[in-house]
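A short write-up of the structure that comes next.
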Amino acid sequence: MNTNSANTDCANVNTNNVIVTRGLKKTYHDNGIPVEAVRGIDFTLTKGEFTAIIGPSGSGKTTFLNLMAGLDSPTDGEVELSGKLISSMSGKELSNYRRDHIGFIFQAYNLFPVLTVEENIEYIMLLQGIHKKERHERVMKILQQVEMEDYAHRLPSKLSGGQQQRVAVARAMVSRPKLIIADEPTANLDSRTSGDLLDMMKKLNEETCMTFLFSTHDEIVMKRARKVVTIRDGLLYNTDKSREE
Amino acid sequence: MGLISKLAWRNIFRQKRRTILTILTMTGGFVLSSLAIGWMEGSYGGMILFFTNHRTGQIQVHKDGYLDDPSIYDIIDDYESIGDQIEAIEDVRAWVPRIYTGALIASRAQDAPSGIYANSAAASVIGIDPAMEQNATDFSEQITDGRMLTASAADTSLRATGQILLGKELAITLNVAAGDSLILFSQAADGSGADRRYIVTGIVSTGNTELDRTTCYLTLADAQLLFALEGKVHELAVMTTSLGDVEKVTAEISAMTDSLGLSTASWKVFAKEFYNGMQADEASLKIMLAIIIAVAALGVLNTILMMVLERRREFGVMKAIGTQPKSIVKMIVLEANVMGLVSIVLGSILSTIGLLILSKHGMILDPPLDYGGFTFREMVASVTPGCYWIPAVCIMITASIVSLIPAVKAAHTDAAKSMRKV
Ligand SMILES: Nc1ncnc2c1ncn2[C@@H]1O[C@H](COP(=O)(O)OP(=O)(O)OP(=O)(O)O)[C@@H](O)[C@H]1O
Ligand SMILES: [Mg+2]
């Protein structure tokens with residue numbers, strides 16, 4: 001497949017690890033009954049990867065992503081981003097960690113309905129205190145990259161699902177995070193839109209060397225991923241990509 | 001405009017119906033509080049002024065112990081020089097000297113044969129200085145028939161017959177009208193018997209029926225003559241320029257009179273019942289205000305809680321992408337405060353209209369309200385700064401407190417949980 005061989009310049013920088021988990025565990029308590037959502041995952045993601053996590057419903061994909069994003073705290077084990085342990089961070093540090101290092105793409109887009117496309121993309125940069133001029137330039141550039149430059153002043157409610165998700169991709173990427181986490185980004189989209197979106201993301205991945213990690217049930221995503229790993233019952237398995245196709 | 005203010009501002013226009021409901025709730029609270037305050041301040045201000053200007057003055061000076069047990073012998077000597085000193089005090093508008101005694105009055109109609117006195121009654125006698133009274137109180141406005149007393153002639157021989165004003169009900173009891181004559185019997189301060197003939201110059205209607213049934217008025221000079229109290233009075237009544245000056249002026253007069261064996265008291269002391277009644281009413285006003293604000297607060301709390309619940313996922317997203325919890329708190333409190341400000345503007349306009357109507361037209365009291373011995377037939381509101389700033393402060397504090405609880409709740413949204421499938 002040409003998608004498999006398309007790893008361009010990023011291959012050269014594949015040496016540094018973006019995120020590493022060691023013995024990562026998460027146990028929920030559902031009415032007193034312990035639910036082991038993640039049961040000890042060792043995982044490494046290197047710069048520029050475009051990786052999909054697949055697995056049946058309830059296997060622990062969302063939990064695993066949330067642990068890496070610092071949205072949830074592990075019961076055991078550790079998460080290290082660029083050499084820094086996030087388990088030792090305070091609430092405020094975690095908040096800044098997500099703001100500066102993680103880009104989120106959600107299944108339900110989750111753009112702010114009262115903000116225009118441009119303002120939605122600006123949001124994180126405002127939190128980061130980036131100057132107005134630079135904000136504007138970055139917004140315009142990323143809007144071109146996701147082919148949404150004509151919609152800068154629209155409200156999300158006036159966009160299709162696919163368009164909203166493109167804006168969400170732009171929002172996730174504009175702050176130049178180390179890792180973009182996308183939990184089932186295509187689950188609300190039809191297959192053609194999903195394919196277009198993934199092609200666009202893959203192109204951006206190649207252009208920017210930004211690291212992408214998806215969770216998905218979607219064949220369309222799996223096909224385009226450069227690497228696929230499987231979670232089953234809270235444990236991670238490496239998958240032979242060629243078998244998936 | 002900052003990011004958080006921008007979000008807060010736009011969120012207000014998001015759920016228009018709920019925003020309008022919240023604003024109307026707060027506006028309603030504002031208007032009700034404002035009208036209640038204006039009404040109370042109007043009626044109290046009116047009552048106090050009515051009460052003190054018609055009769056008592058705002059401050060009184062007596063011989064020590066007179067207020068507890070009034071006696072004809074508790075006199076103020078050299079009252080004119082004390083009065084002059086009082087008048088020199090800043091914020092004193094006027095002062096009047098008075099004599100209080102009692103007498104038996106016997107009357108006969110003008111057409112009855114001389115020497116036949118058909119009616120009699122016991123009465124309180126108040127000696128007043130007509131010219132000073134004219135200047136200080138609106139006493140002369142209460143004369144419904146006949147005319148005010150005139151200064152007594154300096155020549156006592158011309159005062160063979162004195163002038164008297166009768167309370168309306170007293171005149172009825174005695175069956176006399178202006179122009180009739182009557183005789184007062186009493187005992188003078190020197191123990192001698194006192195009796196003299198008077199011509200009724202006018203009838204007084206103070207609005208206080210009890211007072212008008214029992215009181216007659218002589219000129220100060222006539223009273224001093226009848227009761228052998230030349231150069232002496234029982235009371236100095238002092239009028240201040242405004243009610244707000246009373247306490248200060250009372251203290252200044254006290255400092256001056258305490259060494260003379262005299263006591264100085266404000267209307268809050270010498271009209272204790274009246275004052276206590278007002279205090280009780282003021283307490284009930286405060287309770288009423290608290291209830292109005294509490295009801296409004298509950299309404300606002302309810303809508304803000306609903307809003308927070310509906311936007312849970314959004315707060316989750318905000319937190320996920322790195323918004324500090326305190327910014328979320330700020331945003332929601334800001335939303336409530338902006339709605340509070342709008343309510344204050346709206347409420348001020350509506351309250352002004354309401355207060356102006358109530359201050360012009362008032363409320364006719366039927367049956368009339370008896371308060372502190374006076375009868376009030378109409379109550380009007382007055383527009384004071386308190387009608388605005390008290391409700392405004394209440395609304396802003398309420399909006400902040402009431403939104404703080406949902407805001408903190410929103411800020412604590414678990415981002416991971418809020419985004420689990422819905
Ligand atoms: N807050 C929670 N409390 C209790 N149990 C939870 C909680 N969150 C997740 N779980 C459980 O943890 C397990 C893993 O859930 P998770 O959402 O990570 O799975 P998933 O692979 O993302 O599933 P899906 O494909 O349906 O999104 C499930 O059994 C789920 O019921
Ligand atoms: Mg999931």
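Find the residue count for region B:394-422, including only residues that are more than 30 Å from A:S57 (Cα to Cα) and within 16 Å of ligand 1 (Cβ to nearest atom).
Result for region B:394-422: 0.
Output the residues belonging to region B:396-422 that are open to solvent by less than 30 Å² (accessible area, probe 1.4 Å) and within 16 Å of ligand 2 (Cβ to nearest atom).
Scanning region B:396-422 gives B:A415, B:A416, B:S418.
Pairs under 9 Å by beta carbon, first residue more than 14 Å from every other protein chain (Cβ to nearest Cβ) in region A:181-208, partner hydroxyl-bearing (S, T, Y) and within 16 Å of ligand 2 (Cβ to nearest atom), six or more apart or different chains?
Within 9 Å, the pairs are A:T186/A:T216; A:T193/A:T186; A:S194/A:T186; A:G195/A:T186; A:L197/A:T186; A:L198/A:T186.
State yes or no: is B:D69 touching a strand residue (DSSP E or B) at 6+ places or on another chain (Cβ under 7 Å), surrounded by fewer than 19 Cβ atoms within 10 Å (Cβ to Cβ) and under 27 Å from B:E235 (Cβ atoms)?
It is false that B:D69 is touching a strand residue (DSSP E or B) at 6+ places or on another chain (Cβ under 7 Å), surrounded by fewer than 19 Cβ atoms within 10 Å (Cβ to Cβ) and under 27 Å from B:E235 (Cβ atoms).
Tell me whether region B:223-238 contains one or more residues that are open to solvent by 40 Å² or more (accessible area, probe 1.4 Å) and in a helix (DSSP H, G or I).
Yes, region B:223-238 contains a residue that is open to solvent by 40 Å² or more (accessible area, probe 1.4 Å) and in a helix (DSSP H, G or I).
Can you pull out the residues in region B:5-22 that are of a type in the set (A, V, I, L, M, F, W, C) and open to solvent by less than 20 Å² (accessible area, probe 1.4 Å)?
B:L7, B:A8, B:I12
Can you tell me which residues in region B:23-41 are open to solvent by less than 10 Å² (accessible area, probe 1.4 Å) and of a type outside the set (A, V, I, L, M)?
Those that are open to solvent by less than 10 Å² (accessible area, probe 1.4 Å) and of a type outside the set (A, V, I, L, M): B:T27, B:G29, B:F30, B:S33, B:S34, B:G38.
Could you check B:G179 against (1) open to solvent by 10 Å² or more (accessible area, probe 1.4 Å); (2) in a loop (DSSP other than H, G, I, E, B); (3) closer than 30 Å to B:I253 by Cα and say which number it fails?
(3)
When A:K132 is evaluated against the numbered criteria (1) without any contact (Cβ under 8 Å) to a residue 24 or more places away in the chain; (2) within 14 Å of another protein chain (Cβ to nearest Cβ); (3) under 23 Å from A:K202 (Cβ atoms), which criterion, by number, is the only one it fails?
Of the numbered conditions (1) without any contact (Cβ under 8 Å) to a residue 24 or more places away in the chain; (2) within 14 Å of another protein chain (Cβ to nearest Cβ); (3) under 23 Å from A:K202 (Cβ atoms), the odd one out for A:K132 is (3).
Rundown of residues vs (1) modelled with pLDDT of 90 or more; (2) within 14 Å of chain A (Cβ to nearest Cβ); (3) over 17 Å from B:Y100 (Cβ atoms), yes/no style:
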position: B:Q15; (1), (2), (3): no, yes, yes
position: B:T22; (1), (2), (3): yes, no, yes
position: B:T27; (1), (2), (3): yes, no, yes
position: B:N53; (1), (2), (3): no, no, yes
position: B:H62; (1), (2), (3): yes, no, no
position: B:Y73; (1), (2), (3): no, no, no
position: B:I76; (1), (2), (3): yes, no, no
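Could you pull out the residue among A:T63, A:T46, A:T75 that is in contact with a Lys or Arg (Cβ under 7 Å, 6 or more places away or on another chain) and either more than 13 Å from chain B (Cβ to nearest Cβ) or away from ligand 2 (no atom under 11 Å from the Cβ) (or both)?
Matching residue, one of A:T63, A:T46, A:T75: A:T75.
Would a scan of region B:293-310 turn up a residue that is open to solvent by less than 30 Å² (accessible area, probe 1.4 Å), within 14 Å of another protein chain (Cβ to nearest Cβ) and free of Cβ contacts under 8 Å to residues at least 12 places away in the same chain?
Looking through region B:293-310, none of the residues is open to solvent by less than 30 Å² (accessible area, probe 1.4 Å), within 14 Å of another protein chain (Cβ to nearest Cβ) and free of Cβ contacts under 8 Å to residues at least 12 places away in the same chain.
For region A:71-117, how many residues meet the condition of being within 16 Å of ligand 1 (Cβ to nearest atom) and more than 20 Å from A:R39 (Cβ to Cβ)?
Total satisfying the criteria: 6.
Results for (1) in the same structural domain as B:L301 (by TED's automatic domain parsing); (2) more than 28 Å from B:G207 (Cβ to Cβ), shown as yes or no for each residue.
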| position | (1), (2) |
| --- | --- |
| B:V31 | yes, yes |
| B:Y44 | yes, no |
| B:M47 | yes, no |
| B:G65 | no, yes |
| B:E80 | no, yes |
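If I filter region B:102-133 down to residues being of a type in the set (S, T, N, Q) and open to solvent by 70 Å² or more (accessible area, probe 1.4 Å), which single residue comes out as modelled with the lowest pLDDT?
Only one residue fits best here, namely B:Q110.
Table: residues versus (1) within 12 Å of A:E49 (Cα to Cα); (2) more than 16 Å from ligand 2 (Cβ to nearest atom); (3) open to solvent by 70 Å² or more (accessible area, probe 1.4 Å).
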residue	(1), (2), (3)
A:E184	no, no, no
A:D190	no, yes, yes
A:M200	no, yes, no
A:K203	no, yes, yes
A:M210	yes, yes, no
A:M222	no, no, no
A:V228	yes, yes, no
A:R232	no, no, yes
A:L236	no, no, no
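Could you grab me the full set of residues in region B:188-218 that are in contact with a strand residue (DSSP E or B) (Cβ under 8 Å, 6 or more places away or on another chain), at pLDDT below 90 and closer than 13 Å to B:A123 by Cα?
B:L211, the sole residue that qualifies.
For B:W9, state whether it is within 14 Å of another protein chain (Cβ to nearest Cβ), touching a residue at least 60 places away in the same chain (Cβ under 8 Å) and farther than 18 Å from B:S263 by Cβ.
Yes: the conditions hold for B:W9.
Filtering region A:83-114 down to residues that are over 19 Å from the mean Cα position of the chain (by Cα) and under 16 Å from B:G316 (Cα atoms), which residue is nearest to the other protein chains (Cβ to nearest Cβ)?
Out of the qualifying residues, it is A:V114.
Do we find a residue being in contact (Cβ under 8 Å) with a residue 12 or more places away in the chain and within 20 Å of A:V228 (Cα to Cα) anywhere in region A:161-177?
No, region A:161-177 contains no residue that is in contact (Cβ under 8 Å) with a residue 12 or more places away in the chain and within 20 Å of A:V228 (Cα to Cα).
Quick one: A:K47 ticks every box in (1) buried (at least 22 other Cβ atoms within 10 Å of the Cβ); (2) more than 16 Å from ligand 1 (Cβ to nearest atom); (3) charged (D, E, K, R) bar one, so which box is it?
The failed condition is (1).
Out of everything in region A:162-182 that is open to solvent by 20 Å² or more (accessible area, probe 1.4 Å) and not in a loop (DSSP other than H, G, I, E, B), what residue ends up being nearest to ligand 2 (Cβ to nearest atom)?
If we take residues in region A:162-182 being open to solvent by 20 Å² or more (accessible area, probe 1.4 Å) and not in a loop (DSSP other than H, G, I, E, B), then A:Q164 is nearest to ligand 2 (Cβ to nearest atom).
Scan region A:195-219 for residues that are in a helix (DSSP H, G or I) and within 16 Å of ligand 1 (Cβ to nearest atom) and report the count.
1
Yes or no, residue by residue, for (1) open to solvent by less than 20 Å² (accessible area, probe 1.4 Å); (2) closer than 24 Å to B:L49 by Cα:
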site: B:A171; (1), (2): yes, no
site: B:L184; (1), (2): yes, no
site: B:A188; (1), (2): yes, no
site: B:S192; (1), (2): no, no
site: B:D195; (1), (2): no, no
site: B:V200; (1), (2): yes, no
site: B:T206; (1), (2): yes, yes
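Being open to solvent by 50 Å² or more (accessible area, probe 1.4 Å) and under 22 Å from B:G57 (Cβ atoms) is the filter here; which residues of region B:276-292 pass it?
B:N276, B:Q279
The values are calculated or read from the model by the stated rules, or taken from the named source; none is laboratory data. The model shown is predicted, which means the values in this text are computed figures rather than measured ones. Counting neighbours? That spans all protein chains shown, and the Cβs are built from the backbone with ideal geometry, glycine included. Note: areas computed on protein heavy atoms with side chains; ligands, DNA, RNA excluded. Shrake-Rupley method; radii C 1.70, N 1.55, O 1.52, S 1.80 Å.
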